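Derivation of every value follows stated rules applied to the coordinates shown; laboratory data play no part. Computed from a predicted structure; not experimentally measured. Because the Cβ atoms are built from the backbone with ideal geometry, glycine has one as well, and the counts that use them run over all protein chains shown.
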Amino acid sequence: MAKTYNIAIDGPAGAGKSTIAKTTAFELGFVYVDTGAMYRAMALYFLRQGIAKEDEKAIEEACREIEVSIRYEDGVQQVLLNGENVSGLIRTEEVSNMTSATSVYKSVRQKLLELQRRLAATSNVIMDGRDIGTCVLPDAQTKIYLTASSHVRALRRHKELLEKGETCNLEEIEQDIIERDYRDMHRDIAPLKQAEDAVFLDSSRMTIRQVVDGIINAARERGLTL
Ligand code: DC
């Protein structure tokens, strides 16, 4: 089988990874893999079971009952939890916070690693997450570390929630983002950090177009011939 071309995008919550990765995938004809959605599906299961985020043992046991898979509908990734499409249920603040807290556990990360590697081995993917360039796909041909200031990220999230008709408070959102960053960057296993060979992009003052072009140019410089 021909070797696939993989683009890894890591960065903190709200840096625009999914929007950017989706657009780039569409333009390159790549498959977009949103790994955060997989961690979110697992967190939803723990919430539904009433498991406390500190209860590592119960989480480890619950991992054995979980089957996460993905499929694509009209090119859009759907995440399935034990066969149920939960894509519409995993974007709440409650799930976000549970996900950040439970993605620190080895049992949770181990569960998803193989699925993520298998997807990258079978298709040209642009995969986003926190540990893709450092841990999941250390041989990805192009690695991007995409970030933005916590204030800009909070403003983006605030706008998104208002558009969905949800009530929210900008200061609380920024505080949540700062806490989530801290947890994601300081956990023992696969913490969020820039891979040594990743291209650093700060999207605070960049348009989506500029970031997408930055990624496509980086990939072309690294052997992508499309
Ligand atoms: O990208 P996101 O906001 O959907 O991710 C939700 C949480 O999942 C985030 O707090 C960290 C965790 N995550 C992770 O630990 N590793 C990944 N590859 C992707 C997400």
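Taking a straight Cα-Cα cut-off under 25 Å and skipping sequence neighbours fewer than 8 places away in the same chain, the lysines within cross-link reach of Lys159 are Lys17, Lys22.
When the expected Rg is taken as 2.2 N^0.38 Å, what fraction or multiple of it is the alpha-carbon Rg of the stretch 136-225?
On the way: Rg = 15.8 Å, N = 90, 2.2 N^0.38 = 12.2 Å.
In units of the globular-protein estimate, the stretch 136-225 measures up at 1.30.
Peptides 195-204, 101-110 ranked from most to least packed by the mean count of surrounding Cβ atoms within 10 Å: 101-110, 195-204. For the stretch 1-115, the share of alpha carbon pairs falling in successive 5 Å distance bins from zero is 2, 11, 21, 23, 20, 13, 7, 3, 1 percent.
Potential lengthening of the chain between Ser149 and Arg220 amounts to 22.8 nm, from the contour at 0.36 nm per residue minus the alpha-carbon distance.
At q = 0.17 Å⁻¹ the log10 of I(q)/I(0) for the stretch 46-91 amounts to -0.57, computed by Debye summation with a single uniform scatterer per C-alpha, solvent ignored. Amide H contacts of Ile144: Ala8, Ile9, Asp10, Val199, each under 5 Å away and 5 or more positions distant or on a separate chain (H built 1.01 Å from N in the peptide plane; Pro and chain starts excluded). In units of the rule-of-thumb radius 2.2 N^0.38 Å, the stretch 187-226 shows an alpha carbon radius of gyration of 1.46. The reciprocal of the average 1/r between distinct C-alpha atoms defines the Kirkwood hydrodynamic radius, which for the stretch 55-154 equals 15.5 Å. Here the Debye sum runs over all C-alpha atoms of the chain as equal scatterers in vacuum, and log10 of I(q)/I(0) at q = 0.11, 0.16, 0.17, 0.18 Å⁻¹ comes out as -0.53, -1.17, -1.33, -1.49.
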